[in-house]
1. Apply 1/(1 + (r/R0)^6) to the Cβ-Cβ distance of LEU72 and GLN108, taking R0 = 25 Å, and write down the FRET efficiency to the nearest 0.05.
2. What do you get for chymotrypsin sites (Phe, Trp or Tyr not before Pro) in region 48-139 restricted to DSSP loop and a cutoff of at most 15 other Cβ within 10 Å of the site's Cβ?
3. What is the calculated FRET efficiency for VAL64 to ALA141, with r their C-beta to C-beta distance and R₀ = 30 Å, to the nearest 0.05?
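Bear in mind these aren't lab numbers, they're just calculated from the coordinates by the rules spelled out. Keep in mind it's a predicted model, so treat the numbers as computed, not measured. Neighbour counts are summed over all protein chains in view; Cβ atoms, including those assigned to glycine, are modelled from backbone coordinates with ideal geometry.
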Amino acid sequence: MSWLGVPASIPAEPTQQALGYPSLFLLVLIGALVPVVPTGALVSSAAVVAVHQTAPFALAVVFVTASLAAFLGDLALYWLGRRGVGSRNGSRWLEAIRARAPEDRLTQAREKLAEHGVGVLVLSRLVPAGRIPVMLACLLAGWPVRRFARGNLPACLAWAVTYQLIGILSGSLFGKPWEGVAAAVGLTVVVGAAPGVWRRLRRPAKA
């Protein structure tokens, strides 16, 4: 079984780990900066493969790799956004963050941030499409990078644990790694789509 670009013809676990963990780190880091990479599905898939490996601490390495990459990616994006806030002409990174934060979600994020402070960051990492509006709310509130980092660290740890548990569950239910990966990807898609579906179902009721 291959993952993250490791050919299926290479059965050696050390080779898979040598290529897989750096690939996981890089893809999660990129996904934090530019949200076009399904980072949750990647972490769950990596956890499935780790469940079926004989190497000790494989799951722990997946957890550390994913959480560290997510934390550094968020921190880099926030730092770039802060530069845009402090600049008279703004920046393309700040504009990119604004473009991914709908006005209604931003308003809600600012209200919750004012009420609950740092605790909102943890929830924002677990709620699909919740990370960017809360990050922008922190930027507009003038949070320094250090304060954002203190709140974002437990958020990234909780995020990595959540998606890794999805992978562990999927890997434990299926004997073949590819079956567990397929199940993990399916579960992450359902988790990601559920809030949007719920909001659409509630709109007619409110109307």
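1. The pair LEU72/GLN108 has a calculated efficiency of 0.40.
2. Within region 48-139, the qualifying chymotrypsin sites (Phe, Trp or Tyr not before Pro) (loop, at most 15 other Cβ atoms within 10 Å) are PHE57.
3. E(calc), rounded to 0.05, equals 0.50.
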